[in-house]
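Here's the structure, in structure tokens; my notes come after.
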Amino acid sequence: MDSSWKTAISATLHCLTGCAIGEVLGMVIGTAAGFSNLGTIVLAVVLAFFFGYALTMRGVLKAGVTFGQAVKLALAADTISILVMEVVDNSVMVFVPGAMNAGLTSVLFWGALAFSLVVAFVLTVPVNRWLIARGKGHAVVHHTHH
């Protein structure tokens, strides 16, 4: 496996971490609070973007970048990756019969959510590889990571 695929996998794992935190938290809060499916998905997506950007900003702020620059880098590095991941994982959740209405104690809910994140990861890796190869996406923050 060449280094561009390894870098893309690493970038996607980083993205997946933030997305998964936000996605799981949003799905749990939305489901527990009795939100509609749309309300739950909106909350999950907002939290996924928040945590995805926050994780990138944490890394670049540690490298000594200013807060304003960290925001710009996070937006440039993660927006497309998070967007692809969120479209895919929420689509899987919606299309798995009964998953969105299964409830927090259901194996169907948790199984579908885990499956949705795996599918999102697999489909986002080539997107990140394409972006990195063009000096975009995670490539814009690569120089700040230690």
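The values are calculated or read from the model by the stated rules, or taken from the named source; none is laboratory data. Everything numeric in this text was worked out from a predicted model, so none of it was measured. For neighbour counting, all protein chains shown are included, and Cβ atoms are generated from backbone atoms with ideal geometry for every residue, glycine included.
Descriptive notes on the structure:
- Candidates Ile21, Ile29, Ile9: the one that is under 14 Å from Gly137 (Cβ atoms) and in contact with a helix residue (DSSP H, G or I) (Cβ under 9 Å, 6 or more places away or on another chain) is Ile9.
- Note on the stretch 70-117: among residues that are charged (D, E, K, R) and closer than 16 Å to Leu43 by Cα, the one that is surrounded by the fewest Cβ atoms within 10 Å (Cβ to Cβ) is Glu86.
- Flag for Gly64 being outside any helix (DSSP H, G or I), modelled with pLDDT under 95 and over 18 Å from Gly26 (Cβ atoms): yes
- Among the residues of the stretch 94-110, not a single one is of a type in the set (Gly, Ala, Ser) and part of a helix (DSSP H, G or I).
- Qualifying residue in the stretch 10-26 (condition: surrounded by fewer than 16 Cβ atoms within 10 Å (Cβ to Cβ) and modelled with pLDDT under 90): no
- For Leu38, the conditions (1) at negative phi; (2) crowded, with 18+ Cβ neighbours inside 10 Å are fulfilled apart from (2).
- Neighbours by Cβ (under 7 Å, 6+ apart or cross-chain): first from the stretch 126-142, of a type in the set (Lys, Arg); second crowded, with 22+ Cβ neighbours inside 10 Å: Arg129/Ala8
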